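What follows is a single structure, written as structure tokens, with notes after it.
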Amino acid sequence: MSQVSKKLYLSLIFILSIEAKSDSFNFNSYNNHGSIGLINTPSARFYDESVFGITVLDGEPDNKLTMTANPFDWLEASFFYTDIPDREQCRTNSENEEFCQGYKDKGFNLKIRLKQEGKLPAIAIGINDIGGTGLYGSEYIVASYGINKIDLSLGLGWGTLNGADSRLKNPFSYIDDSFNNRPDEKIGYVYDNKGGNFQAGRYFSGEDISPF
């Protein structure tokens, strides 16, 4: 082994040997939806209580502003406001003049820790777009486990998180057949100008789910 290779090898061993504190600012960040995770997927990680964060997403197809709070170290709640320029909406004012702009939407997300990490992984459950139009409607159960400097997460997703090619049968359908039927999420202002609706029967329902 060359001197350079030996130094790289020893550096890698040193990095992997440092234990990461998984629920911290040093090793976690907000994802596109203002929840601790990666890109569009959540993890079972949380910040300390009283933490407040603001995230701004300038992406395709939407732009999003999210305000996230941790009132407790086991609870993460967020409010989002989004703009989708490509999904144009047009209205006519009292003078019969047409005004068009990108679609605007807002909603709430919630994540709750069910178990803190110990010998077994941390586990969290969450719902996105609570009472919204269903544009981002999704639910999930996710587990996270840290091994030295590596943090691993594995979850099951419903709704908009259910998009994998290989899907699994919804485990809640074994409890009650009603979980096989997911109400139509194409409701709300973007479709009928009436705003979002609270659909408790939508949560964790659908014939299949996706791992992420």
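Neighbours of F46 by Cβ distance under 11 Å: Lys/Arg scored +1, Asp/Glu scored -1, total -3. The label-point distance for D48 and S166, in a model that sets each label 7 Å from Cα toward Cβ, rounds to 4.1 nm.
Taking 0.36 nm per intervening residue step and subtracting the Cα-Cα distance, what contour gain separates Q101 from N40 on full extension? Don't skip to the answer; put the middle values down first.
Details: separation 61, 0.36 × 61 = 21.96 nm, distance 2.56 nm.
Fully extending the segment from Q101 to N40 adds 19.4 nm.
Sorting the segments 90-97, 152-159, 141-148 by their mean number of nearby beta carbons within 10 angstrom, highest to lowest, gives 152-159, 141-148, 90-97.
Here the simple spin-label model places points 7 Å from the Cα toward Cβ, and for L65 and Q89 these points are separated by 1.6 nm.
Let me know the whole percent of all Cα-Cα pairs from segment 75-151 that are separated by more than 16 Å. All intermediate terms of the calculation are to be shown ahead of the outcome.
Details: 1929 of 2926 pairs.
Considering segment 75-151, 66 percent of its Cα-Cα pairs are separated by more than 16 Å.
Taking a straight line from the alpha carbon of K104, these aspartates and glutamates sit under 14 Å away, with near neighbours fewer than eight places off in the same chain left out: D62, D83, D86, E88, D129, D192.
Readers should treat all values here as calculations from the given coordinates under stated rules, not as data from a laboratory. The structure displayed is predicted, hence computed values, not measured ones. Note: ideal-geometry Cβ built from the backbone for every residue, glycine included; neighbour counts use all protein chains shown.
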